[in-house]
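*Asks:* Quick one: the structure is below, questions incoming.
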Amino acid sequence: MSDPSYATAAWAAPDWRLLGAYAIPIGAALLLGLLVHFVLRRLARRIALKESTRARIAHAVILPLAFALPLMFLGAALRAVPMPEAHLQAWVHGLRLAVFACFTWLLVRIVGAVEASILRHNPMEVADNLHARRIQTQTRVLGRVAQGAILLLGTALALMTFPAVRQVGATLLASAGIAGLVAGIAARPVFGNLIAGLQIALAQPIRLDDVVIVEGEWGRIEEITSTYVVVRIWDERRLVVPLSWFIENPFQNWTRRTAQMLGTAFLWLDYRTPMEEVRAELERICRADPRWDGRVCTAQVTETGEHVMQVRLLVSARDSGEAFDLRCAVRERMIDFLARHHPYALPRLRAQIDRDAGPAAPRRGPAPGAPDSPRAEDGGAAAAPPA
């Protein structure tokens, strides 16, 4: 049995040299790490108030370094401590994973800061935003792809620090053919959307704020991510479409080169309609409407039918939204003009009634359900006397 008095004496008289060997390096590393962390956080708060690109990138770099540097100091201090090898390896491995996470976070923040700076220098809130939308689309898509690649690489490097994972990796490399085939089949949608995202970023069949017709729906491109596109429908619904859909399917892009649009309003009018007065009224309506851009304002007879003719009112506007509103206004005001000044121009239902000039055929009596004697206003002949 152990002597209790000896245990009490051992507890009362610790080994100061051993404690110093642990406390001095670890304490110094913690103090230095906290000091660096405090200074870098204060510096980050000051830089955050500036609006330059360098300041934003510096702010993105400082915050992860404020966590990574103290961890590196602590790792260096642990190597100077007389610790058992197994415990030392466990601590060093944990700190290495934390440092990997900090540097992965650092690279992601740098990409995000560069992306935010480019987006801020190319705003879309301007009249002609075609160039800005092109730059923003490329920046957003490539930025998301780069951040995803950095996260994937950081996770892979962190997992490779485990011996078991390295062994599994070597086994997979030994059977790379089968593993690659299985992974390719399983990850086909992921890699398909990734490649489609790169194609959209480079070729740009769509851009942010483009007006498109997708699945018969009119809307604007609201968001482009690394896997899908969000289309804001005109009635505030959101249509979520995979990136690969825009590469594999045809769709309409109304703002591919320019936002200018032609709008048509069709009217069915009588053949007696005075077309010259219709053209003059259409020009007056367009000149009085601020949504007309001054390019096109014409009225033409595009089709004729048995009773009426079709008149196309063609106008132009700066974008599709104004073109739709202008079409509605032109249609309403033209109908009002014709109803007030030329009511005969509006279509009417015509019927042709033929009167039989010969004698009425004799009949023995009224048909079932018919009146006994036809009325004069019905246009019929007098009833024949019964036989």
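The values are calculated or read from the model by the stated rules, or taken from the named source; none is laboratory data. The shown structure was predicted, so the numbers you read here are calculated from the model rather than taken from an experiment. In this analysis, Cβ positions are derived from the backbone assuming ideal geometry, glycine residues included, and neighbour counts consider all displayed protein chains. These accessible areas exclude ligands, DNA and RNA; they are computed on the full protein's heavy atoms, side chains included. Shrake-Rupley method; radii C 1.70, N 1.55, O 1.52, S 1.80 Å.
*Asks:* Can you spot a residue in the range 111-120 that is open to solvent by 90 Å² or more (accessible area, probe 1.4 Å) and modelled with pLDDT under 80?
*Replies:* No: zero hits.
*Asks:* Here's another thing I want to ask about it. Which condition number in (1) of a type in the set (A, V, I, L, M); (2) open to solvent by less than 30 Å² (accessible area, probe 1.4 Å); (3) touching a helix residue (DSSP H, G or I) at 6+ places or on another chain (Cβ under 8 Å); (4) under 30 Å from residue 225 (Cα atoms) is the one that residue 261 fails?
*Replies:* Answer for residue 261: the failing condition is (2).
*Asks:* Do we find that residue 209 is closer than 20 Å to residue 136 by Cβ and part of a loop (DSSP other than H, G, I, E, B) in this structure?
*Replies:* Considered against the rule, which asks whether it is closer than 20 Å to residue 136 by Cβ and part of a loop (DSSP other than H, G, I, E, B), residue 209 comes out as yes.
*Asks:* Please determine, by comparing only the residues of the range 270-279 that are in contact with a strand residue (DSSP E or B) (Cβ under 9 Å, 6 or more places away or on another chain) and free of Cβ contacts under 8 Å to residues at least 40 places away in the same chain, which one is farthest from residue 328 (Cα to Cα).
*Replies:* 271
Let's see how each residue does on (1) in a helix (DSSP H, G or I); (2) of a type in the set (Gly, Ala, Ser); (3) modelled with pLDDT of 65 or more; (4) on the phi > 0 side of the Ramachandran plot:
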position	(1), (2), (3), (4)
138	yes, no, yes, no
155	yes, no, yes, no
164	yes, yes, yes, no
172	yes, no, no, no
179	yes, yes, no, no
194	yes, no, yes, no
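*Asks:* Taking only the range 297-320 into account, find how many residues are assigned to a loop (DSSP other than H, G, I, E, B) and either on the phi > 0 side of the Ramachandran plot or basic (Lys, Arg) (or both).
*Replies:* Selection size over the range 297-320: 1.
*Asks:* Out of 233, 195, report the one residue that is more than 15 Å from the chain's Cα centre (by Cα), more than 15 Å from residue 133 (Cβ to Cβ) and aliphatic (A, V, I, L, M).
*Replies:* 195 is the lone residue from the list that is more than 15 Å from the chain's Cα centre (by Cα), more than 15 Å from residue 133 (Cβ to Cβ) and aliphatic (A, V, I, L, M).
This table checks each residue for (1) within 30 Å of residue 298 (Cα to Cα); (2) surrounded by 14 or more Cβ atoms within 10 Å (Cβ to Cβ); (3) not polar (S, T, N, Q).
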residue	(1), (2), (3)
218	yes, yes, yes
235	no, no, yes
238	no, no, yes
242	no, yes, yes
250	no, no, yes
254	yes, yes, yes
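*Asks:* While we're here: Those residues that are surrounded by fewer than 17 Cβ atoms within 10 Å (Cβ to Cβ), closer than 19 Å to residue 261 by Cα and in contact with a strand residue (DSSP E or B) (Cβ under 9 Å, 6 or more places away or on another chain), I need them from the range 290-319; list them, please.
*Replies:* Those that are surrounded by fewer than 17 Cβ atoms within 10 Å (Cβ to Cβ), closer than 19 Å to residue 261 by Cα and in contact with a strand residue (DSSP E or B) (Cβ under 9 Å, 6 or more places away or on another chain): 294, 295, 296, 298, 300, 312.
*Asks:* Just one of the numbered conditions (1) out of contact with any Leu (no Cβ under 8 Å at 6 or more places or on another chain); (2) at negative phi; (3) not in a loop (DSSP other than H, G, I, E, B) is not true of residue 294; which one?
*Replies:* (2)
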